[in-house]
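The values are calculated or read from the model by the stated rules, or taken from the named source; none is laboratory data. None of these values were measured; they are calculated from a predicted model. Glycine gets a Cβ as well: all are built from the backbone with ideal geometry, and neighbour counts include every protein chain shown. Side chains included, ligands, DNA and RNA excluded: accessible areas come from the protein's heavy atoms. Shrake-Rupley method; radii C 1.70, N 1.55, O 1.52, S 1.80 Å.
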Amino acid sequence: MKKGLTILAVVFAMAISAAAQQPAKVPAYRGEIVREQPDGYKLLTYLRGDERSHYAMTVDGWQIKENTKGEWCYAMQKKDGSIVASGKVAKNEEDRKKCEKKWLNKKGIKKQ
């Protein structure tokens, strides 16, 4: 009986110890990721953050989000503070038109 209680106490102590440990945060993949837009356009992106909190961005630092159609769009912040896909499909820097650059400078979210 004494041996059984000792084993039970050791197992209980090990379970408490394991539950108290938080898993280490794993950083997002740091390399360049090519994302294919539904129209076949190849967008170069990076991921930043860890498994709990992360975001995608263009290689020149504009935050992007995927919309319900599977398009990667520039992200924008709503008045309530939430980050949403803007509806403006993201392009690589060299392929952006002047109007896209102007929009980004007003409403886009620039990350470093």
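Taking residues in segment 77-102 that are over 17 Å from Thr58 (Cβ atoms) and in contact (Cβ under 8 Å) with a residue 40 or more places away in the chain, and partners anywhere that are part of a strand (DSSP E or B) and open to solvent by less than 40 Å² (accessible area, probe 1.4 Å), not one pair has Cβ atoms closer than 8 Å while being at least 6 places apart or on different chains.
Residues in segment 71-90 that are under 18 Å from the mean Cα position of the chain (by Cα) and closer than 22 Å to Val34 by Cβ: Glu71, Trp72, Cys73, Tyr74, Ala75, Ala85, Ser86, Val89, Ala90. Considering only residues that are open to solvent by 40 Å² or more (accessible area, probe 1.4 Å) and either under 12 Å from Lys111 (Cβ atoms) or basic (Lys, Arg) (or both), which ones fall in segment 24-46? The answer is Lys25, Arg30, Arg35, Lys42, Tyr46.
Would you call Ser86 out of contact with any strand residue (DSSP E or B) (no Cβ under 7 Å at 6 or more places or on another chain), over 22 Å from Tyr29 (Cβ atoms), among the polar types (S, T, N, Q) and open to solvent by less than 60 Å² (accessible area, probe 1.4 Å)? No; evaluated as a whole, the condition is false for this residue. For segment 91-105, the set of residues classified as surrounded by 12 or more Cβ atoms within 10 Å (Cβ to Cβ) and acidic (Asp, Glu) consists of Glu93, Glu100, listed by residue number.
Within segment 53-70, the residues that satisfy the criterion of being open to solvent by 40 Å² or more (accessible area, probe 1.4 Å) and either aromatic (Phe, Trp, Tyr) or under 18 Å from Glu32 (Cα atoms) (or both) are His54, Tyr55, Val59, Lys65, Glu66.
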